[in-house]
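Engineer: I have a structure here, written as structure tokens, and I will follow up with some questions on it.
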């Protein structure tokens, strides 16, 4: 499932596949991940909200934070769907923190030769990343805390953009997704948070 790596001019985030890799050893803070200056003493990463939710693992709580949200039509009920999906995925990965970078959306940046394709916005005159249509997905980070992140990526969802429609996680990407662009036909895709990192391989049984 290689060949769908995302790069910037600062290096490449390594693809992470659960059947190939153990969880990354090296973690990053949120500010390191998004290339911001380190937090000052007593300063916290701004979030819309954060809460501790029950895990399917006995005695475990999962901290969920809404870092950003971009779809204004999502009702309170739909946000509960999003939270349930993210917590279930954190349980599947065996991690205790999930940050929602972007709520449900159906566009993605275009990459050329591994780098974002930039275009000029006719309204502002500024350069911006070119976007293309994508399957509905949630953009997330996972780790042990917001300052001990291990993975980032996309959870693909079934949704029509209507706030009256339930949101569910994709379980059959071959039939529930449309836009692959030569990428892997998967229900979720993740990368390590440190550019150029070498991810640990699973031990041979």
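Engineer: With label points built 7 Å along Cα→Cβ from the Cα atoms of residue 144 and residue 201, find their separation and express it in nm.
Structural biologist: The two pseudo-label positions are separated by 2.6 nm.
Engineer: Now for a separate question. Would you compute, for the Cα atoms of the stretch 59-171, the largest minus smallest coordinate along each principal axis and list the three values in descending order, in whole Å?
Structural biologist: Between the extreme Cα coordinates on each principal axis of the stretch 59-171 lie 52, 35, 25 Å.
Engineer: Follow-up. For the residue pair residue 185 and residue 32, what label-to-label distance in nm results when each label sits 7 Å from Cα along the Cα-to-beta-carbon direction?
Structural biologist: Distance between the two pseudo-spin positions: 3.8 nm.
Engineer: Another question, if that's okay. Can you sort 117, 29 so the residue with the fewest Cβ neighbours within 10 Å comes first?
Structural biologist: Details: 117 13, 29 18.
Fewest to most other Cβ atoms nearby, the residues stand as 117, 29.
Engineer: Which one of 140, 74, 193 has the biggest mean-square fluctuation once the chain is modelled by GNM with Cα springs under 10 Å?
Structural biologist: Of the options given, 74 has the highest mean-square fluctuation.
Engineer: Give the order of 150, 53, 23 when sorted by the count of other beta carbons within 10 angstrom, beginning with the fewest. All intermediate terms of the calculation are to be shown ahead of the outcome.
Structural biologist: Numbers: 150 23, 53 14, 23 18.
Ranked by crowding around the Cβ, least crowded first: 53, 23, 150.
Engineer: Additional query: What list do you get for 180, 69 if you sort them by fewest beta carbons within 10 Å?
Structural biologist: On the way: 180 14, 69 17.
So the residues, fewest neighbours to most, are 180, 69.
Engineer: Could I ask something else about it? I need the P(r) histogram for the chain: all alpha carbon pairs, bin width 5 Å from 0 out to the longest distance, whole percents.
Structural biologist: That works out to 1, 7, 13, 18, 20, 19, 13, 6, 2, 0, 0, 0, in percent per bin.
Engineer: Another question about this same structure. Among 154, 21, 144, whose mean-square fluctuation peaks in a Gaussian network model of the chain (Cα, cutoff 10 Å)?
Structural biologist: So, out of 154, 21, 144, the one fluctuating most is 21.
Engineer: Another question, then. Using a 7 Å offset from the Cα along the Cα-to-Cβ direction at both residue 124 and residue 48, what is the distance between the two label points in nm, to one decimal?
Structural biologist: 1.9 nm
Engineer: Given 0.36 nm per residue, what is the gain on full extension from residue 102 to residue 162 after removing their alpha carbon distance, in nm? Mind dumping the intermediate values first?
Structural biologist: Details: separation 60, 0.36 × 60 = 21.60 nm, distance 1.69 nm.
So the chain would gain 19.9 nm between residue 102 and residue 162.
Engineer: Which one of 43, 148, 89 has the biggest mean-square fluctuation once the chain is modelled by GNM with Cα springs under 10 Å?
Structural biologist: For the chain, modelled as a Gaussian network with Cα springs under 10 Å, the answer is 43.
Every number here is computed from the coordinates shown, using simple stated rules; none is lab data. The model shown is predicted, which means the values in this text are computed figures rather than measured ones. Because the Cβ atoms are built from the backbone with ideal geometry, glycine has one as well, and the counts that use them run over all protein chains shown.
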